[in-house]
Structure formats: C-alpha cells, structure tokens
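The values are calculated or read from the model by the stated rules, or taken from the named source; none is laboratory data. Given the structure is predicted, the values throughout are model-derived calculations rather than measurements. Cβ: placed from backbone, ideal geometry, glycine included. Neighbour counts: every protein chain shown. Ligands, DNA and RNA are excluded from the accessible area calculation, which covers all protein heavy atoms including side chains. Shrake-Rupley method; radii C 1.70, N 1.55, O 1.52, S 1.80 Å.
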Amino acid sequence: MNLKDKKLLKAAITAVGGYVPDTILSNEDLEKMVDTNDAWITSRTGIKERRILKEPGKATSYLAIQAVNDLISKKNLDTSTIDLVIVATITPDIHVAATAAYVASTIGAVNAFAYDLNAACSGFLYGMSTAASHISSGRYKKILLIGADKMSSIVDYTDRDTCIIFGDGGGAVLFEPSTNDYGWEDEYFRSNGTERMSLRIKAGGSLHPTTKDSFAQGDHNIYQDGKAVFKYAVSEMANAAEEIMKRNALDGNTIDYLVPHQANKRIVDATSKRLNLNQEKVLMNIERYGNTTAATLPLLLNDYESKFKKGDKLIFAAFGGGFTWGAAHLTWAY
Ligand code: UT7
C-alpha cells in the first residue's frame, strides 16, 4: 500500500471478548494461607475474590485464546484476515518466544505478524495506542489487541503484600478503521524508569540472571513497595486523566465512562473524585477479579459492553510497573 496517498485513519474498537478461569480464590481462602482477613482486604483494596488458572500446562496464551474465542463468538471474524496480534503481558508463556506468535498461530491468524508488549499494568493502554497507530497509518486493517496475565504464576502465596491483590484473566479487542468517525481520539502517556525497583521481578533478566541463590531468595516472584506505588499511582492516574479531559474539553458531565485500571478501589475512588465523576460512570470489577494486570481494561470493556452506546465518551486511565502510566480518550463505535 502506498502510504503517500493515505490520510490518517481513525481507529475504532469493533469487538471485545473476555475470559477468567473458573477457580475462585476468595478472601476467606487467603485467610487460611497468610496472616490476613476479609475485612482488611475489602476495606484496603475493594477485592473479594480473584480467579486462578489452576490446570497444569495452561498458561497466559490459554487466557488470551479463550478471550479471543469469546470475541469471535460475538463477532463474525475470519481470523485469516487479521493483520497483527499484540499480546500485552508480563507473564509470557516462556521467555524469548513471543506469546503473541503462539496465540496468532493457534487462533488461525495465519497472515498476521505478532509480538508481545510489556508495560505491566499499563500494557493494554499502551497497546491501544500501538494498535490505533498501526490502523491510522493505513497499513493494517484488523488488529487484535489482547491483555492477558497469569499472575498466579509469579505470585508468592506466602507474601500477603502481593497474594491478596492479583488474579488471572484475559481480554481482547479488535481494532479496525472507523466507519463512523468514532474511535481513538487522544492519548497522554508517561513513564519513569527510576522507580523500576518499586514494582518488579528482580531476577531472571540480564541484570540479575537466574542463579540458585535467586530462587532461594524468592527473586523470581513479583514484589511491590505498595505504599510507594499507591502514592504515585493516585496522583499520576488522576493527573493523566485530567490532562486528557482538559485537552478534549471534557468534564464530569460530558464523560460517559471512566475505564480505570483495577489495582485498588481506593486509587480508583481518588481518581474519580478528582475528576468529579458520579460513581455510576466509573467502571469497576475489582471485587470479583482482583488486579489482573494487562487484562483489567479489556475485562471491563467486556463486562460493560452491553451498556455502551455508539458515541459514548470513554476515558481510560492506568498505572503500572516501570513506572508506566497514562490516560486516553476513545469514543465507542458500536
Ligand atoms: O497495578 C499496578 C499498580 N499497583 C498498585 O497500584 C498497588 C498500590 N498499592 C496498594 O494497593 C496498597 O498499598 C496495598 C493494598 C498493597 C497495601 O495497602 P496499604 O493501605 O498501603 O497498606 P500498608 O502497606 O500501609 O499496611 C498497613 C497495615 C500494616 O500494619 P501496621 O504496620 O499498620 O500495623 C501492614 O502490616 O496493614 C498491614 N497489612 C496487612 N494486614 C492484613 C499489610 N498487608 C496486609 C494484609 N492483611 N494482606
């Protein structure tokens, strides 16, 4: 395709799908595993239960593929017409080989290229920018963006700081050129790598390769300095959303929905308060799934899909390891 003749196209979400495993890990279950209790978890995070992918041999690609199957069950999609598959994840099936390539082959996206995107809890949000840009260029017409994480594979279930928070899940959306001028409108993204040790897996990378000691020290599990992350997330998620609203002349009345990363109900409450949003405009499902990292935003879209109307103004906001964060504005296209 000759790009010289192309004007930029607007990208729209034209289908969504989601999947969470059947096995429930409740706060009561966690009470038997670590020194915690339902009242503390509920009041400090808003989480009541999360889903866990238990079956051996099933990994992040399974969550992703199930989410795509759900999308396909709702939208007639010939997978051989997909141009690109992006999987946002921090829990790839295996290192080095992109999970997205395996997902693409398994779903029959035989004419697609595929790659993973790692921006932790902001992965899906960043991925939306990537997918929208590919569509805007005019070069590709169907992009499957998936956010999926098997967080249970990196959580230490003796560490109450992290095991109460995370769950497993996957969500998928299809991006196509907009046919009605609704779609990706604007984005504001930032990152700060000086804070990378506040939320990380220390070992297994090129800085701290795997050793016997790294296993013994639990350096292959996820760690977070909860307080530090909380403070930063509260202010930057709201700052980013506020900026995107200002730039697009939006306010609490004219926004239809806030789609916020589900890390902690208190972070979402603080963000929506600063944005002057009524509670019914703030999408939440953290109570049932916990923090599924790259899957939170597409799982929200999937859970609330039936509520959305053509032209609805959505604001997305996320914050995650890296640090990475941002906000975006999208108008719903169907
Ligand atoms: O998604 C990517 C970004 N991630 C986030 O945005 C997560 C941000 N952080 C958080 O959500 C919160 O910091 C946590 C939920 C992780 C922790 O909540 P907190 O209100 O910051 O708790 P804290 O670490 O300040 O601990 C308060 C108290 C402490 O006891 P003392 O020292 O006050 O006696 C902790 O020992 O709560 C205690 N505590 C617990 N008690 C029961 C910490 N974890 C638990 C627990 N159960 N699981």
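Worth a mention:
- The fraction of all Cα pairs in the stretch 191-334 landing in successive 5 Å bins from 0 to the largest distance is 2, 9, 18, 20, 18, 12, 8, 6, 4, 3, 1, 0, given as whole percents.
- Computed over protein heavy atoms with a 1.4 angstrom probe, the accessible surface ordering of 42, 292, largest first, is 42, 292.
- Distance between modelled label sites at residue 141 and residue 97, nm, 7 Å Cα→Cβ extension: 3.2
- Share of carbon and sulfur in the accessible heavy-atom surface of the chain [1.4 Å probe, %]: 49
- Most positive-pole-ward Cα, 39, 65, 14, against dipole of the stretch 3-177 from beta carbon charges: 14
- Fraction of antiparallel bridges per DSSP, the chain only, in percent to nearest 5: 70
- Using a probe of 1.4 Å, the accessible surface attributed to residue 110 totals some 110 Å² when neighbouring protein chains are kept in position.
- DSSP-defined beta bridges in the stretch 184-331 - what % are antiparallel, rounded to 5: 75
- Those lysines that a straight Cα-Cα span of less than 27 Å connects to residue 54, excepting residues fewer than 8 apart in one chain: 32, 74, 150, 202, 212, 265
- Extended-chain gain in nm, criterion 0.36 nm per residue less alpha-carbon gap, residue 180 and residue 304: 42.5 nm
- At a probe radius of 1.4 angstrom, the accessible area of the stretch 184-331 per residue rounds to 46 square angstrom.
- Subtracting the Cα-Cα distance of residue 202 and residue 249 from 0.36 nm times their residue separation leaves 12.7 nm of extension gain.
- Helix-derived mean residue ellipticity, 222 nm - over the chain, DSSP H n ≥ 4, -39500 (n - 2.57), to 500: -9000 deg cm²/dmol
- Heavy-atom accessible surface of residue 157, to the nearest 10 Å², is about 60 Å², with a 1.4 Å probe and all protein chains retained.
- √(5λ) per eigenvalue of the Cα gyration tensor, the chain, largest first, Å: 30, 24, 19
- Beta bridges from DSSP with both residues in the stretch 3-177: antiparallel share about 65 percent, rounded to the nearest 5.
- When the P(r) of the stretch 3-177 is calculated, the portion above 19 Å amounts to 58% of the C-alpha pairs.
- Taking a sphere under 12 Å around the Cβ of residue 34 and counting the other residues whose Cβ falls inside, with K and R at +1 and D and E at -1, yields a net charge of -4.
- The convex hull of the Cα atoms of the stretch 134-239, projected and averaged over all directions, covers 9.8 nm².
- Heavy-atom accessible area with a 1.4 Å probe sorts 129, 80, 105, largest first, into 105, 80, 129.
- Among 226, 183, 123, residue whose mean-square fluctuation peaks in a GNM of the chain (springs only between Cα atoms under 10 Å): 226
- FRET efficiency estimate (nearest 0.05) - Cβ-Cβ, residue 279 to residue 227, R0 25 angstrom: 0.45
- Where the stretch 1-134 is the region considered: accessible area per residue in Å², 1.4 Å probe: 47
- When the Gaussian network model of the chain links Cα atoms closer than 10 Å, the mean-square fluctuations of 66, 262, 279 top out at 279.
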